[in-house]
1. Which value, in Å², gives the accessible area per residue of the stretch 22-100 when a 1.4 Å probe is used on the protein heavy atoms?
2. At 1.4 Å probe size, with no ligands or nucleic acids counted, give the accessible surface of residue 117 in Å², nearest ten.
3. Sorted by accessible area with a 1.4 angstrom probe, largest first, how do 161, 166 fall?
4. With r defined as the distance between the Cβ atoms of residue 154 and residue 125 and R0 fixed at 45 Å, what FRET efficiency is calculated, to the nearest 0.05?
5. Skip the ligands, DNA and RNA, and give the accessible area per residue of the stretch 121-160 with a 1.4 Å probe, whole Å².
6. What's the carbon and sulfur percent of the chain's accessible surface, probe 1.4 angstrom, rounded to a whole number?
7. Can you name the helices of the chain, as whole DSSP H runs, whose Cα span along the helix axis is 30 Å or more and whose Kyte-Doolittle mean is not below 1.6?
8. Once the cut-off is 24 Å, how many percent of the Cα-Cα pairs in the chain end up in the long-distance tail?
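The values are calculated or read from the model by the stated rules, or taken from the named source; none is laboratory data. Note that the structure is predicted; figures quoted are calculated from it, not measured. Because the Cβ atoms are built from the backbone with ideal geometry, glycine has one as well, and the counts that use them run over all protein chains shown. Heads up: the accessible areas ignore ligands, DNA and RNA and are worked out on the full protein's heavy atoms, side chains in. Shrake-Rupley method; radii C 1.70, N 1.55, O 1.52, S 1.80 Å.
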Amino acid sequence: MALLPIITAPDPRLKQKSRPVGAVDAEMRQLLDDMLETMYAAPGIGLAAVQVGVPRRAIVVDISREDGPREPLFMINPEIVGVSDEDSSYEEGCLSLPDMFAEVERPASIRVRYLDRDGKRQELNADGILATCIQHEMDHLEGILFVDHISALKRNMILRKLLKAKRLQEEEAAG
Ligand code: GNR
Ligand code: NI
């Protein structure tokens with residue numbers, strides 16, 4: 001297992017579209033395990049492969065309590081096959097937009113089809129924060145960040161703050 005560096009915005013790699021996974025082989029399982037460890041360490045409730053620089057359609061999600069038994073979900077080539085008419089709004093964050101938060105509206109529940117860590121076909125109904133998180137991760141596979149769902153005004157405010165924080169960090173690192 002290994003901790004992988006998480007890419008933060010603004011970085012053109014976060015805008016690229018991820019390619020389908022051909023086979024869930026040992027190398028892919030290693031990546032999934034490293035992604036899960038990286039997500040738990042962050043800590044976060046989801047992570048897409050592109051956030052660690054691998055533009056493949058693979059995500060990990062775990063919305064369980066940190067102090068209880070963990071319930072990781074590994075989703076390869078996920079597809080949304082159904083959405084509710086009803087929307088819900090959650091305050092979202094993103095490990096690639098550190099310390100930034102905004103309310104995002106999405107379908108309240110979804111049905112998603114994917115391959116699991118064993119390459120087995122699965123379908124899952126999700127609602128609540130799980131539905132939000134899966135949709136947030138699947139957006140990453142299209143090069144979309146949560147700020148792309150909010151007003152240009154709010155988005156630019158967040159991106160400016162982020163750029164400023166990044167510059168400060170780089171100055172500190174340079175000494
Ligand atoms: O850790 C995360 N929390 C979160 C909170 C609300 C909605 C979505 C998320 S996903 C985020 C981790 C992340 O950036 N995944 O891509
Ligand atoms: Ni994210």
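1. With all protein chains present, the stretch 22-100 gives 48 Å² per residue.
2. 70 Å²
3. Largest to smallest exposure gives the sequence 161, 166.
4. Between residue 154 and residue 125 the formula returns 0.90.
5. 48 Å²
6. 51 percent
7. Taking the DSSP H segments of the chain (at least 30 Å long, mean hydropathy at least 1.6), we get none.
8. Considering the chain, 36 percent of its Cα-Cα pairs are separated by more than 24 Å.
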